[in-house]
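Everything below concerns the one structure shown next.
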Amino acid sequence: MYSGQGYGDGGSLFGGGGFMPSQSTTAAADSPFSSRKSGSQSSGLLPLTVKQISGATQKPSDDNFYVDGQDVNHVTLVGMVFNREERATDISFLVDDGTGRIEVKRWIDGQDTNESMEMNSVQNGVYVRVHGHLRSFQGKRNVVAFSVRLITDFNEVTFHFLECIYVHVSNLKSQRGVNPSHVPQSTNTFGGPGIHTLPPTLGSMAQNSSYNQYMPSTTMAGSGLPVDECQKRVHAIFEEPASLGIEIGLHVDDVARRMVGYTKKQVKDAIDFLVNEGFIYSTIDDDHFKSTNA
Amino acid sequence: METSNPSPMVNAEQMKRFVGRKVRSVLRFLKFEAGVLTGQSADNQQVVVRQVQIASPISQFVEVIGVVEGERTLRAEICTNFGDNFDLSPYNQLCQMANAEYQALFV
(Lines give C-alpha, C1' and ligand atoms only; values in the text may rest on other atoms or scores of the structure.)
Protein backbone atom coordinates (compact mmCIF):
# COMPACT_ATOMS: atom_id res chain seq x y z
CA MET A 1 0.00 0.00 0.00
CA TYR A 2 2.59 2.53 1.06
CA SER A 3 5.14 1.94 -1.62
CA GLY A 4 2.45 1.30 -4.18
CA GLN A 5 1.09 4.73 -3.59
CA GLY A 6 4.59 6.10 -3.50
CA TYR A 7 5.37 4.79 -6.92
CA GLY A 8 2.10 6.14 -8.21
CA ASP A 9 2.86 9.58 -6.91
CA GLY A 10 6.33 9.40 -8.31
CA GLY A 11 4.98 8.57 -11.69
CA SER A 12 2.54 11.42 -11.72
CA LEU A 13 5.12 13.83 -10.38
CA PHE A 14 7.41 13.10 -13.26
CA GLY A 15 4.53 13.14 -15.69
CA GLY A 16 3.47 16.63 -14.69
CA GLY A 17 6.82 18.12 -13.78
CA GLY A 18 9.42 19.73 -15.95
CA PHE A 19 12.09 17.11 -15.45
CA MET A 20 11.12 14.91 -18.36
CA PRO A 21 11.51 16.90 -21.52
CA SER A 22 10.25 14.40 -24.04
CA GLN A 23 6.81 12.93 -24.14
CA SER A 24 8.08 9.49 -25.06
CA THR A 25 10.40 9.36 -22.07
CA THR A 26 7.53 10.20 -19.83
CA ALA A 27 5.42 7.44 -21.27
CA ALA A 28 8.24 4.97 -20.97
CA ALA A 29 8.85 5.97 -17.40
CA ASP A 30 5.19 5.79 -16.61
CA SER A 31 4.47 2.29 -17.77
CA PRO A 32 6.65 0.38 -15.37
CA PHE A 33 5.30 2.49 -12.56
CA SER A 34 1.72 1.81 -13.41
CA SER A 35 2.27 -1.86 -13.97
CA ARG A 36 4.02 -2.07 -10.63
CA LYS A 37 1.22 -0.26 -8.92
CA SER A 38 -0.81 -3.36 -8.22
CA GLY A 39 2.16 -5.60 -7.65
CA SER A 40 4.55 -3.58 -5.57
CA GLN A 41 2.35 -3.32 -2.54
CA SER A 42 4.24 -6.06 -0.78
CA SER A 43 7.66 -4.50 -0.52
CA GLY A 44 6.61 -4.08 3.10
CA LEU A 45 6.63 -7.13 5.30
CA LEU A 46 5.77 -10.60 4.02
CA PRO A 47 4.71 -13.50 6.22
CA LEU A 48 6.44 -16.54 4.75
CA THR A 49 7.21 -20.16 5.47
CA VAL A 50 10.82 -21.34 5.25
CA LYS A 51 9.75 -23.45 2.29
CA GLN A 52 8.59 -20.33 0.48
CA ILE A 53 11.89 -18.58 1.25
CA SER A 54 13.84 -21.54 -0.10
CA GLY A 55 11.77 -21.35 -3.26
CA ALA A 56 12.23 -17.59 -3.67
CA THR A 57 13.81 -16.67 -6.98
CA GLN A 58 16.61 -14.22 -7.49
CA LYS A 59 17.25 -12.29 -10.67
CA PRO A 60 20.88 -12.18 -11.72
CA SER A 61 20.56 -8.43 -12.21
CA ASP A 62 19.88 -7.57 -8.59
CA ASP A 63 20.03 -9.08 -5.13
CA ASN A 64 16.30 -9.01 -4.56
CA PHE A 65 14.28 -12.10 -3.74
CA TYR A 66 10.95 -12.74 -5.35
CA VAL A 67 8.04 -14.79 -3.99
CA ASP A 68 4.81 -14.97 -5.98
CA GLY A 69 6.14 -12.16 -8.16
CA GLN A 70 6.60 -9.81 -5.21
CA ASP A 71 9.97 -8.58 -4.18
CA VAL A 72 10.82 -9.72 -0.69
CA ASN A 73 12.66 -7.47 1.64
CA HIS A 74 11.37 -7.84 5.17
CA VAL A 75 9.88 -11.11 6.31
CA THR A 76 8.10 -12.45 9.36
CA LEU A 77 8.45 -16.08 10.44
CA VAL A 78 7.14 -18.22 13.25
CA GLY A 79 8.98 -21.32 14.37
CA MET A 80 11.02 -23.15 16.96
CA VAL A 81 14.53 -22.12 17.97
CA PHE A 82 17.47 -24.54 17.52
CA ASN A 83 21.26 -24.34 17.70
CA ARG A 84 21.34 -21.05 19.52
CA GLU A 85 24.85 -19.63 19.55
CA GLU A 86 25.97 -16.57 21.40
CA ARG A 87 28.90 -14.52 20.21
CA ALA A 88 30.33 -11.17 21.25
CA THR A 89 28.42 -9.20 18.66
CA ASP A 90 25.47 -11.38 17.75
CA ILE A 91 23.22 -14.25 18.70
CA SER A 92 22.35 -16.63 15.92
CA PHE A 93 20.03 -19.61 15.78
CA LEU A 94 17.96 -21.71 13.43
CA VAL A 95 14.21 -21.26 13.13
CA ASP A 96 12.34 -24.46 12.27
CA ASP A 97 8.74 -23.87 11.21
CA GLY A 98 8.06 -27.45 10.15
CA THR A 99 8.65 -26.65 6.49
CA GLY A 100 12.40 -26.15 6.88
CA ARG A 101 15.11 -24.43 8.85
CA ILE A 102 16.68 -21.06 8.26
CA GLU A 103 19.48 -19.24 10.01
CA VAL A 104 18.58 -16.10 11.91
CA LYS A 105 21.10 -13.63 13.23
CA ARG A 106 20.41 -10.91 15.77
CA TRP A 107 23.11 -8.26 16.17
CA ILE A 108 23.70 -7.28 19.78
CA ASP A 109 25.10 -3.88 20.70
CA GLY A 110 26.26 -5.01 24.09
CA GLN A 111 25.18 -6.56 27.35
CA ASP A 112 22.23 -5.05 29.21
CA THR A 113 20.80 -3.63 26.01
CA ASN A 114 17.19 -4.26 25.04
CA GLU A 115 18.19 -6.72 22.33
CA SER A 116 20.35 -8.67 24.72
CA MET A 117 17.55 -8.88 27.32
CA GLU A 118 15.06 -9.90 24.66
CA MET A 119 17.40 -12.61 23.40
CA ASN A 120 18.03 -14.03 26.88
CA SER A 121 14.54 -15.46 26.93
CA VAL A 122 15.01 -16.95 23.47
CA GLN A 123 16.42 -20.41 24.17
CA ASN A 124 16.48 -23.66 22.23
CA GLY A 125 13.08 -25.28 21.89
CA VAL A 126 10.92 -22.17 22.31
CA TYR A 127 8.56 -20.80 19.68
CA VAL A 128 9.32 -17.31 18.44
CA ARG A 129 8.05 -14.78 15.96
CA VAL A 130 10.89 -13.21 14.03
CA HIS A 131 10.75 -9.99 12.07
CA GLY A 132 13.78 -9.45 9.93
CA HIS A 133 15.50 -8.74 6.70
CA LEU A 134 16.02 -11.56 4.22
CA ARG A 135 19.44 -11.63 2.60
CA SER A 136 21.89 -13.91 0.95
CA PHE A 137 25.30 -14.33 2.52
CA GLN A 138 27.98 -16.51 0.95
CA GLY A 139 25.31 -18.19 -1.12
CA LYS A 140 23.16 -19.02 1.90
CA ARG A 141 19.89 -17.34 2.69
CA ASN A 142 19.49 -16.03 6.18
CA VAL A 143 17.46 -13.51 8.13
CA VAL A 144 18.92 -10.60 10.04
CA ALA A 145 16.36 -10.11 12.76
CA PHE A 146 15.34 -6.79 14.21
CA SER A 147 12.80 -8.39 16.52
CA VAL A 148 12.59 -11.84 18.09
CA ARG A 149 9.64 -12.38 20.41
CA LEU A 150 8.48 -15.41 22.33
CA ILE A 151 5.12 -16.79 21.32
CA THR A 152 2.85 -16.72 24.34
CA ASP A 153 -0.50 -17.39 22.68
CA PHE A 154 0.00 -20.40 20.44
CA ASN A 155 -2.94 -19.51 18.25
CA GLU A 156 -0.38 -17.21 16.69
CA VAL A 157 1.27 -20.28 15.16
CA THR A 158 -1.98 -21.21 13.41
CA PHE A 159 -2.51 -17.59 12.50
CA HIS A 160 0.93 -17.20 10.94
CA PHE A 161 0.46 -20.09 8.53
CA LEU A 162 -3.06 -19.02 7.63
CA GLU A 163 -1.65 -15.57 6.95
CA CYS A 164 1.06 -17.06 4.71
CA ILE A 165 -1.67 -18.76 2.68
CA TYR A 166 -3.80 -15.64 2.59
CA VAL A 167 -0.98 -13.43 1.36
CA HIS A 168 0.17 -16.06 -1.14
CA VAL A 169 -3.31 -16.27 -2.68
CA SER A 170 -3.68 -12.52 -2.60
CA ASN A 171 -0.39 -12.00 -4.44
CA LEU A 172 -1.14 -14.65 -7.04
CA LYS A 173 -4.47 -13.03 -7.84
CA SER A 174 -3.04 -9.54 -7.99
CA GLN A 175 -0.43 -10.84 -10.41
CA ARG A 176 -3.24 -11.99 -12.64
CA GLY A 177 -4.75 -8.54 -12.43
CA VAL A 178 -7.67 -9.40 -10.21
CA ASN A 179 -8.40 -7.04 -7.38
CA PRO A 180 -6.65 -8.85 -4.53
CA SER A 181 -9.16 -7.75 -1.98
CA HIS A 182 -11.78 -10.01 -3.52
CA VAL A 183 -9.61 -13.07 -3.23
CA PRO A 184 -10.43 -14.24 0.27
CA GLN A 185 -14.11 -14.44 -0.48
CA SER A 186 -13.62 -17.15 -3.05
CA THR A 187 -10.86 -19.05 -1.34
CA ASN A 188 -11.49 -18.77 2.31
CA THR A 189 -12.46 -21.93 4.05
CA PHE A 190 -14.21 -20.25 6.91
CA GLY A 191 -17.28 -19.66 4.83
CA GLY A 192 -17.38 -15.90 5.03
CA PRO A 193 -15.71 -12.80 3.67
CA GLY A 194 -12.05 -12.73 4.49
CA ILE A 195 -10.10 -12.95 7.67
CA HIS A 196 -12.79 -11.18 9.66
CA THR A 197 -14.63 -14.45 9.98
CA LEU A 198 -11.73 -16.13 11.73
CA PRO A 199 -12.50 -17.46 15.17
CA PRO A 200 -12.23 -14.67 17.76
CA THR A 201 -8.82 -15.83 18.90
CA LEU A 202 -7.35 -15.49 15.44
CA GLY A 203 -9.50 -12.57 14.43
CA SER A 204 -7.94 -10.41 17.11
CA MET A 205 -4.51 -11.32 15.83
CA ALA A 206 -5.50 -10.29 12.36
CA GLN A 207 -6.58 -6.96 13.80
CA ASN A 208 -3.35 -6.59 15.71
CA SER A 209 -1.12 -7.25 12.75
CA SER A 210 -1.55 -3.73 11.53
CA TYR A 211 1.62 -4.05 9.49
CA ASN A 212 -0.18 -6.28 7.11
CA GLN A 213 -1.08 -4.44 3.98
CA TYR A 214 -3.19 -7.34 2.81
CA MET A 215 -5.73 -7.09 5.54
CA PRO A 216 -9.04 -5.77 4.33
CA SER A 217 -9.73 -2.25 5.51
CA THR A 218 -12.22 -2.46 8.32
CA THR A 219 -14.33 0.42 7.10
CA MET A 220 -14.80 -0.98 3.65
CA ALA A 221 -14.79 -4.69 4.32
CA GLY A 222 -11.85 -4.97 2.02
CA SER A 223 -13.10 -3.36 -1.14
CA GLY A 224 -10.61 -0.49 -1.05
CA LEU A 225 -12.95 1.51 -3.26
CA PRO A 226 -15.39 4.11 -2.10
CA VAL A 227 -18.72 2.26 -1.95
CA ASP A 228 -20.39 4.36 0.68
CA GLU A 229 -22.55 7.01 -1.00
CA CYS A 230 -20.97 9.84 0.97
CA GLN A 231 -17.46 8.67 0.11
CA LYS A 232 -18.37 8.31 -3.55
CA ARG A 233 -19.75 11.81 -3.78
CA VAL A 234 -16.85 13.38 -1.91
CA HIS A 235 -14.46 11.50 -4.17
CA ALA A 236 -16.35 12.73 -7.25
CA ILE A 237 -16.01 16.34 -6.07
CA PHE A 238 -12.24 15.94 -5.80
CA GLU A 239 -12.09 14.36 -9.25
CA GLU A 240 -13.88 17.28 -11.00
CA PRO A 241 -11.59 19.05 -13.47
CA ALA A 242 -12.16 22.33 -11.63
CA SER A 243 -10.96 20.74 -8.38
CA LEU A 244 -7.99 19.10 -10.05
CA GLY A 245 -6.95 22.50 -11.38
CA ILE A 246 -6.67 24.19 -7.99
CA GLU A 247 -3.11 23.91 -6.80
CA ILE A 248 -3.85 23.85 -3.07
CA GLY A 249 -6.87 21.59 -3.54
CA LEU A 250 -10.21 22.01 -1.79
CA HIS A 251 -10.96 23.13 1.74
CA VAL A 252 -12.97 20.71 3.88
CA ASP A 253 -15.65 23.39 4.34
CA ASP A 254 -16.01 23.88 0.57
CA VAL A 255 -16.62 20.17 0.17
CA ALA A 256 -18.99 20.05 3.13
CA ARG A 257 -21.00 22.97 1.71
CA ARG A 258 -21.60 21.04 -1.50
CA MET A 259 -22.56 17.87 0.32
CA VAL A 260 -26.15 18.81 1.07
CA GLY A 261 -27.78 16.37 3.45
CA TYR A 262 -24.51 15.25 5.05
CA THR A 263 -22.95 16.51 8.25
CA LYS A 264 -19.47 17.95 8.27
CA LYS A 265 -18.44 14.98 10.41
CA GLN A 266 -19.58 12.55 7.70
CA VAL A 267 -17.69 14.52 5.06
CA LYS A 268 -14.58 14.58 7.21
CA ASP A 269 -14.81 10.83 7.78
CA ALA A 270 -15.15 10.30 4.04
CA ILE A 271 -12.09 12.50 3.47
CA ASP A 272 -10.13 10.51 6.05
CA PHE A 273 -11.09 7.34 4.25
CA LEU A 274 -10.02 8.72 0.87
CA VAL A 275 -6.70 9.87 2.34
CA ASN A 276 -6.07 6.45 3.89
CA GLU A 277 -6.85 4.69 0.65
CA GLY A 278 -4.61 7.05 -1.30
CA PHE A 279 -7.25 8.75 -3.41
CA ILE A 280 -6.52 12.22 -2.05
CA TYR A 281 -3.78 13.85 0.01
CA SER A 282 -3.51 16.87 2.26
CA THR A 283 -1.83 19.90 0.72
CA ILE A 284 -0.94 23.17 2.46
CA ASP A 285 -2.53 22.29 5.80
CA ASP A 286 -4.76 19.68 7.43
CA ASP A 287 -7.90 21.20 5.92
CA HIS A 288 -6.96 21.24 2.23
CA PHE A 289 -7.02 18.09 0.11
CA LYS A 290 -6.41 17.24 -3.51
CA SER A 291 -6.84 14.18 -5.70
CA THR A 292 -3.80 12.02 -6.28
CA ASN A 293 -4.88 11.84 -9.92
CA ALA A 294 -4.22 15.55 -10.41
CA MET B 1 18.85 -23.16 5.25
CA GLU B 2 17.46 -26.53 4.39
CA THR B 3 14.04 -27.97 3.68
CA SER B 4 14.94 -31.63 3.34
CA ASN B 5 13.56 -32.74 6.69
CA PRO B 6 10.12 -31.17 7.07
CA SER B 7 7.56 -32.11 9.71
CA PRO B 8 4.18 -31.29 8.22
CA MET B 9 1.23 -30.26 10.39
CA VAL B 10 -1.35 -33.03 10.47
CA ASN B 11 -4.54 -34.10 12.16
CA ALA B 12 -5.11 -37.77 13.08
CA GLU B 13 -6.74 -38.60 9.78
CA GLN B 14 -3.71 -37.37 7.85
CA MET B 15 -1.17 -39.32 9.94
CA LYS B 16 -1.61 -42.50 7.94
CA ARG B 17 -0.23 -40.72 4.88
CA PHE B 18 3.01 -40.14 6.78
CA VAL B 19 3.79 -43.51 8.38
CA GLY B 20 7.50 -43.69 9.19
CA ARG B 21 7.90 -39.95 8.66
CA LYS B 22 8.12 -36.95 10.93
CA VAL B 23 5.02 -34.83 11.51
CA ARG B 24 3.71 -32.31 14.02
CA SER B 25 0.30 -32.26 15.58
CA VAL B 26 -1.38 -30.31 18.35
CA LEU B 27 -3.40 -32.48 20.72
CA ARG B 28 -5.77 -31.78 23.58
CA PHE B 29 -4.16 -33.42 26.60
CA LEU B 30 -6.08 -36.36 28.06
CA LYS B 31 -3.62 -38.37 30.17
CA PHE B 32 0.05 -39.08 30.71
CA GLU B 33 1.30 -42.36 32.15
CA ALA B 34 4.76 -43.90 32.08
CA GLY B 35 5.99 -41.77 29.22
CA VAL B 36 2.90 -42.39 27.12
CA LEU B 37 0.66 -39.43 26.42
CA THR B 38 -2.88 -39.78 25.18
CA GLY B 39 -4.47 -36.80 23.50
CA GLN B 40 -7.35 -35.82 21.32
CA SER B 41 -6.48 -34.61 17.85
CA ALA B 42 -7.89 -31.56 16.07
CA ASP B 43 -10.25 -33.89 14.20
CA ASN B 44 -11.47 -35.46 17.46
CA GLN B 45 -9.65 -38.77 17.47
CA GLN B 46 -7.54 -40.29 20.20
CA VAL B 47 -3.83 -40.30 19.50
CA VAL B 48 -1.22 -42.19 21.54
CA VAL B 49 2.24 -40.68 21.83
CA ARG B 50 5.18 -42.79 23.05
CA GLN B 51 8.49 -41.72 24.59
CA VAL B 52 7.18 -38.38 25.74
CA GLN B 53 9.46 -36.02 27.60
CA ILE B 54 7.73 -32.82 28.48
CA ALA B 55 8.10 -30.05 31.01
CA SER B 56 5.46 -30.27 33.70
CA PRO B 57 2.89 -29.08 34.36
CA ILE B 58 1.51 -30.28 31.06
CA SER B 59 -0.82 -27.69 29.62
CA GLN B 60 -4.20 -28.45 28.14
CA PHE B 61 -2.79 -28.40 24.63
CA VAL B 62 0.45 -30.04 23.56
CA GLU B 63 2.27 -30.02 20.26
CA VAL B 64 4.00 -33.27 19.44
CA ILE B 65 6.73 -33.42 16.83
CA GLY B 66 7.48 -37.03 16.12
CA VAL B 67 7.48 -40.00 13.81
CA VAL B 68 4.23 -41.69 12.80
CA GLU B 69 4.46 -45.32 13.93
CA GLY B 70 1.02 -46.39 12.85
CA GLU B 71 -2.49 -45.13 12.62
CA ARG B 72 -2.92 -42.70 15.51
CA THR B 73 0.40 -43.58 17.13
CA LEU B 74 3.39 -41.26 17.32
CA ARG B 75 6.90 -41.66 18.71
CA ALA B 76 7.72 -38.28 20.21
CA GLU B 77 10.86 -36.30 19.48
CA ILE B 78 9.79 -32.97 20.90
CA CYS B 79 6.73 -32.11 22.94
CA THR B 80 5.86 -28.48 23.58
CA ASN B 81 3.26 -27.07 25.92
CA PHE B 82 0.86 -25.03 23.80
CA GLY B 83 -0.97 -23.41 26.71
CA ASP B 84 -4.54 -23.75 27.88
CA ASN B 85 -6.03 -21.50 25.25
CA PHE B 86 -5.62 -23.01 21.81
CA ASP B 87 -8.34 -23.24 19.20
CA LEU B 88 -8.20 -26.67 17.53
CA SER B 89 -10.84 -25.90 14.94
CA PRO B 90 -8.84 -23.42 12.80
CA TYR B 91 -5.79 -25.62 13.37
CA ASN B 92 -7.69 -28.53 11.87
CA GLN B 93 -8.64 -26.44 8.85
CA LEU B 94 -5.05 -25.30 8.51
CA CYS B 95 -3.90 -28.94 8.50
CA GLN B 96 -6.35 -29.64 5.70
CA MET B 97 -5.22 -26.68 3.62
CA ALA B 98 -1.53 -27.32 4.27
CA ASN B 99 -1.80 -30.90 3.02
CA ALA B 100 -3.93 -30.22 -0.04
CA GLU B 101 -4.49 -27.05 -1.96
CA TYR B 102 -1.61 -25.08 -0.47
CA GLN B 103 0.85 -27.91 0.07
CA ALA B 104 3.44 -26.14 -2.07
CA LEU B 105 3.93 -23.60 0.71
CA PHE B 106 4.69 -26.28 3.28
CA VAL B 107 6.38 -29.43 1.99
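Go through A:Lys232/A:Lys290; A:Lys51/A:Lys140; A:Lys173/A:Lys232; A:Lys264/A:Lys290 and tell me which ones have a Cα-Cα distance over 23 Å in this structure.
The answer is A:Lys173/A:Lys232.
Considering amide H positions built from the backbone, and no H for Pro or chain starts, which residues 5 or more places from A:Arg84, or on another chain, come under 5 Å of its amide H?
Under 5 Å from the amide H of A:Arg84: A:Leu94, A:Asn124.
Which residues of segment A:133-157 end up with at least 50 Å² less accessible area in the presence of all protein chains than when their chain stands alone, using a 1.4 Å probe?
A:Phe154, A:Asn155
Order the following by accessible area, largest value first: A:Tyr281, B:Tyr91, A:Tyr66. Probe radius 1.4 Å; ligands, DNA and RNA are ignored.
A:Tyr281, A:Tyr66, B:Tyr91
Once amide H atoms are built 1.01 Å from N in the peptide plane, which residues 5 or more positions from B:Ser59, or in another chain, come under 5 Å H to H?
It is B:Phe82, B:Gly83, by chain and number.
Would you grab the residues whose amide H sits under 5 Å from the one on A:Ser147? Only those 5+ places off in sequence or on another chain, please, with H modelled 1.01 Å from N.
A:His131
Enter the accessible area per residue of segment A:77-155 (Å², integer; probe 1.4 Å; all protein chains in place).
46 Å²
Among B:44-56, B:66-78, how do they line up by average Cβ neighbours within 10 Å per residue, starting with the highest?
Details: B:44-56: 15.4, B:66-78: 17.5.
Put in order of decreasing packing, that is B:66-78, B:44-56.
Starting at the first residue of segment B:32-44, write each ³J(HN,Hα) from the Karplus equation 6.51 cos²θ - 1.76 cosθ + 1.60 with θ = phi - 60°, in whole Hz, x for Gly and Pro.
Here the 3J(HN,Hα) series is 9, 9, 6, x, 10, 9, 10, x, 9, 7, 5, 9, 6 Hz.
Give me the lysines in straight-line cross-link reach of B:Lys31: C-alpha distance below 24 Å, same-chain residues under 8 apart excluded.
B:Lys16, B:Lys22
Could you sort the residues of segment A:66-105 by number and keep only those whose accessible area is reduced by 50 Å² or more in the all-protein-chain setting relative to the chain alone, 1.4 Å probe?
Listed by number, the residues meeting the 50 Å² cut-off are A:Met80, A:Gly98, A:Thr99, A:Arg101.
State the percentage of accessible surface on chain B attributable to carbon and sulfur atoms; use a 1.4 Å probe and exclude ligands, DNA and RNA.
That share works out to 44 percent.
Full-extension gain between A:Asn124 and A:Glu247, please, as 0.36 nm times their residue separation minus the C-alpha to C-alpha distance.
Stretched fully, the A:Asn124-A:Glu247 segment lengthens by 38.4 nm.
Okay, which of segment A:129-167 sit inside 17 Å, backbone N to the point 7 Å along the Cα-Cβ direction of B:Ala55?
Zone members listed by number: A:129, A:149-155.
What does the accessible area per residue of segment B:12-84 come to in Å², with a 1.4 Å probe and no ligands, DNA or RNA counted?
That works out to 47 Å² for each residue.
Placing +1 at every Lys and Arg Cβ and -1 at every Asp and Glu Cβ, with all other atoms neutral, what dipole size does segment B:12-84 have around its Cα centre, in debye to the nearest 20?
220 debye
Interface size between chain B and chain A, please: total buried accessible area, 1.4 Å probe, rounded to the nearest 100 Å². Let's see the in-between values first.
Numbers: alone 6150 and 15550 Å², together 19000 Å².
Result for this pair: about 2700 Å² buried.
Among B:Val68, B:Gly83, B:Gln46, whose Cα lies farthest out toward the positive end of the dipole of segment B:12-84, if unit charges sit on the beta carbon of Lys, Arg (+1) and Asp, Glu (-1)?
Value: B:Val68.
Relative to the isolated chain, which residues of segment B:49-85 have their accessible area cut by 20 Å² or more in the presence of all protein chains (1.4 Å probe, heavy atoms, no ligands or nucleic acids)?
By number: B:Ile78, B:Thr80, B:Phe82, B:Asn85.
Which order do the peptides A:265-276, A:71-82 take when ranked by the mean count of other beta-carbon atoms within 10 Å per residue, highest first?
In decreasing order of mean packing, A:265-276, A:71-82 become A:71-82, A:265-276.
The values are calculated or read from the model by the stated rules, or taken from the named source; none is laboratory data. These numbers come from a predicted model, not from an experiment. In this analysis, Cβ positions are derived from the backbone assuming ideal geometry, glycine residues included, and neighbour counts consider all displayed protein chains. For the accessible areas, the whole protein counts, side chains as well, though only heavy atoms, and no ligand, DNA or RNA atoms are used. Shrake-Rupley method; radii C 1.70, N 1.55, O 1.52, S 1.80 Å.
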